[in-house]
Amino acid sequence: MKHEKKRNQHQDKRTYLSNPGVTPTALAHSLWQSTIIPYRDTVIDCTCGNGKDCLALARMLFPDDYGKNDFDEIIDNTNDNQDTNNSTNGINSNKNTHIGPTPQLIGIDIQSRAIHNSQRSLLSALPPETYFNHISLLHQSHQHLMNVPRDTRSVGLICYNLGYLPGTTKETQTQTQTTLDSITDASLLLRVGGLLSIMTYPGSNLEESIAVEHFVEGLAMLTTRDEGGWKGYLEGIGDYFFDDEGNEVDAEDIDGSDDCDDGGHIRRIVTSALERVAEDGETKQTWRAFVHQPLGRPLSPVLVTVMRIK
């Protein structure tokens, strides 16, 4: 009876955590599921971490293949025969003879531990032909996505789970400028109906979280009818000041040293990013953006999403 109660409690917790109305991760997965076109889309996980999101994406992109790998030795063979400094595998275009976009799941992380963890998880869940022909894990920064190997005809989802790798120190974590560079590339790659999904952590990097929200809102403002247009929105972004630990502070609390930012850093980098999207993207591109944030919990993770609808 005791063990049964414990098992039920565990199941209740799993059900709770998988509820899109409770956790931002479950909500993100629900939105991904409704966006991804199986066996067609290119999907990019720009911060693959321990591989949990990659696994969820593999299940959505390859629903008939997921969970059908019944051998383990392929993991050891892959580790012995492949170099993970750049990519654990490449997409073998010679074996993809069907007409139309080639489905691809691409995972990116700057930490080799994250790539290794993701590789093991995916190899254990997918048939080898699916893994070696349609999965690519890249040990690199996500800053420049335009150079990532891909079939650009149907990029359906690009997602981020910002911050640092769970179980490690905060010495290696995402940075505001490289994140903005990356999501700018992402917005230029997405197909109509494609989704940009970003989990931010205001509790650990408030500046990054604020910048991401302004950029995503700026995408939605590209088609605004407000006076001043989207450029007027950018001009209206306020000043933000942060101390050495990344906490937001009032302007009067900042000393007058020459090294101090004038408060306009976020406005400048968001402006630069949006100007590039407007210049390099489709003329009539249209976006719908949302910020999914739990009320009463200001330091909890925040899911920011934006979908290209035209």
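The values are calculated or read from the model by the stated rules, or taken from the named source; none is laboratory data. Keep in mind that this is a model prediction, so the values were computed, not measured. Glycine gets a Cβ as well: all are built from the backbone with ideal geometry, and neighbour counts include every protein chain shown. Accessible surface is based on the protein model in full, side chains and every heavy atom, while ligands, DNA and RNA are left aside. Shrake-Rupley method; radii C 1.70, N 1.55, O 1.52, S 1.80 Å.
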*For residue 191, indicate whether it is under 17 Å from residue 102 (Cα atoms) and not in a loop (DSSP other than H, G, I, E, B).*
no
*Given 47, 42, 84, 88, which one is under 14 Å from residue 116 (Cα atoms) and modelled with pLDDT of 95 or more?*
47
*Could you tell me which residue of the range 140-155 is surrounded by the fewest Cβ atoms within 10 Å (Cβ to Cβ), considering only residues that are touching a helix residue (DSSP H, G or I) at 6+ places or on another chain (Cβ under 6 Å) and closer than 30 Å to residue 300 by Cβ?*
143
*Contacts under 6 angstrom Cβ, first residue in the range 115-140 being among the β-branched types (Val, Ile, Thr), partner open to solvent by 10 Å² or more (accessible area, probe 1.4 Å), 6 or more apart*: 115/84; 115/109; 115/139; 130/65
*Unmet requirement for residue 200, which otherwise passes all of (1) within 15 Å of the chain's Cα centre (by Cα); (2) open to solvent by 30 Å² or more (accessible area, probe 1.4 Å); (3) at pLDDT 95 or above*: (2)
_Output for the range 113-136, where each listed residue is farther than 22 Å from residue 64 by Cβ and open to solvent by less than 30 Å² (accessible area, probe 1.4 Å)_ = 114, 115
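Take the residues in the range 264-292 that are touching a Phe, Trp or Tyr at 6+ places or on another chain (Cβ under 8 Å) and at pLDDT 95 or above, then tell me which one is most open to solvent (accessible area, probe 1.4 Å). Spell out how you get there, then give the answer.
Here is the first cut: in the range 264-292, the residues touching a Phe, Trp or Tyr at 6+ places or on another chain (Cβ under 8 Å) are 265-266, 270, 273-274, 278.
From what is left, the residues that are at pLDDT 95 or above are 266, 270, 273-274, 278.
On the way: 266: 4, 270: 0, 273: 9, 274: 1, 278: 40 Å².
It comes out as 278.
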